[in-house]
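This report refers to the structure that appears directly beneath it.
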Amino acid sequence: MKLGYVGSVVAAVLALSACTITREYKISDITEARALSEHGMELFVAGDTDGALKALNAVIAYGSIDANDYARRAAVYGTTKDYDKALADANRVVELAPYAWRGYYERAVIFQRSGQYDAAIRDLDSAFDMRPNAADLLRRRAFLKVVAERFDDAIADYDLLTEMVPRSDTGALGRGAALYLAGRWREAAEQFNAMLALKPEDGLAALWLAKARMRAGRFLGWDELEAHAGPEPEWVMTRALLTIEREDEVTDVVAKVGPCERGLFLGAWRLKRADHEGAAREFRAAQKACPLDSIEASETRIELERLAQPREQIAPE
């Protein structure tokens, strides 16, 4: 900031201090508008969404053409789940700064939260085109492609992610999950088995492997994993899936697991039964508990769809 503006900024800050009491803002110049926008962001970070909105509304009403002001207000609206208004502001951000990747990324987040996954993916395409080395953008896009049940596209993204970040297991795990949800259970099992060969203590890979082998009709023995098992919930569920047959016992074992993961696990455990008794009930319970924009929610939807099909259409590979 230029030195000549210091006095104006001090005066603006003093004016804003008074405004925090009355919550009524009168802006006389662009310097005060910029200071008030920063103040609105501070209020938002502090958890005062009403105060943040009043401040940012005043800045935008003053006549702002700064993309940051709209981006900040979009973030506030997103927090309050007022997605229509958040999207309107996010659209304005992209109009004002069409070559800035972050505007597309932030609009993608709003699309994701409101369940518009294909639109979110398109915005992530734009952001990734501008930042082709950004693993975080690729990771989010791959994840959303799984949520949108675009499994082949997701697998391609996870393969690219593995090339970009070879030391991370996110690409391998995501690839395996996409294969599993697509019903390609043998391939999924191969993926998770390869992960465990590199990291045998990975409980999440072990749980996915146990489920994939079960769905493929090639049941895994607990003795194949036991040597590397730990106390983590994923290992507890893996052991229970492979060794426990009594309903009361398995329910007790996972009693402390969160409702989303517990419902998914109990649904999978009930798929071991010849008649799949109670599986749909457990998956419906998980569906209510899992965040809408999550892989877990996608899994519940897919499993419920499969259970609604004739048995011969979902036979093991």
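The values are calculated or read from the model by the stated rules, or taken from the named source; none is laboratory data. As the structure is a computational prediction, the values presented were derived from the model and not from experiment. Heads up, the Cβs are rebuilt from the backbone with ideal geometry, glycines too, and the neighbour counts pull from every protein chain shown.
Brief remarks follow.
- The residues of the stretch 167-203 that are surrounded by fewer than 20 Cβ atoms within 10 Å (Cβ to Cβ) and closer than 15 Å to Trp222 by Cα, listed by number, are Asn193, Leu196, Pro200, Glu201.
Conditions (1) in contact with a Ser or Thr (Cβ under 9 Å, 6 or more places away or on another chain); (2) without any contact (Cβ under 8 Å) to a residue 24 or more places away in the chain, marked per residue:
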site: Val146; (1), (2): yes, no
site: Ile155; (1), (2): no, no
site: Leu160; (1), (2): no, yes
site: Met164; (1), (2): no, no
site: Arg167; (1), (2): no, yes
site: Thr170; (1), (2): yes, no
site: Arg175; (1), (2): yes, yes
site: Tyr180; (1), (2): no, no
site: Arg184; (1), (2): no, no
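- All of Arg218, Arg262, Arg306 fail the test of being surrounded by fewer than 19 Cβ atoms within 10 Å (Cβ to Cβ), under 26 Å from the mean Cα position of the chain (by Cα) and either of a type outside the set (Asp, Glu) or more than 21 Å from Leu181 (Cα to Cα) (or both), apart from Arg306.
- Asp252 vs. criteria closer than 22 Å to His276 by Cα and out of contact with any Gly (no Cβ under 6 Å at 6 or more places or on another chain): yes
- Of the residues in the stretch 136-157, not one is closer than 28 Å to Arg273 by Cβ, outside any helix (DSSP H, G or I) and of a type in the set (Phe, Trp, Tyr).
- Residue within the stretch 201-224 that is over 18 Å from Trp269 (Cβ atoms) and basic (Lys, Arg) present: no
- Restricting Leu266, Leu292 to those that are among the hydrophobic types (A, V, I, L, M, F, W, C) and either farther than 30 Å from Ile110 by Cα or at pLDDT 95 or above (or both) reduces the list to Leu266.
- Top-ranked residue in the stretch 108-143 [being of a type in the set (S, T, N, Q) and out of contact with any Asp or Glu (no Cβ under 8 Å at 6 or more places or on another chain); ranked as surrounded by the fewest Cβ atoms within 10 Å (Cβ to Cβ)]: Asn133
- Qualifying residue in the stretch 241-264 (condition: of a type in the set (S, T, N, Q), more than 26 Å from Pro310 (Cα to Cα) and touching a helix residue (DSSP H, G or I) at 6+ places or on another chain (Cβ under 7 Å)): yes
- Selection over the stretch 277-309 of residues that are in a loop (DSSP other than H, G, I, E, B) and touching a Cys at 6+ places or on another chain (Cβ under 7 Å) gives a count of 1.
- Within the set Asp157, Asp153, the sole residue that is crowded, with 23+ Cβ neighbours inside 10 Å and of a type in the set (Asp, Glu) turns out to be Asp157.
- Tally, over the stretch 229-257, of residues that are outside any helix (DSSP H, G or I) and either among the charged types (D, E, K, R) or surrounded by fewer than 14 Cβ atoms within 10 Å (Cβ to Cβ) (or both): 7
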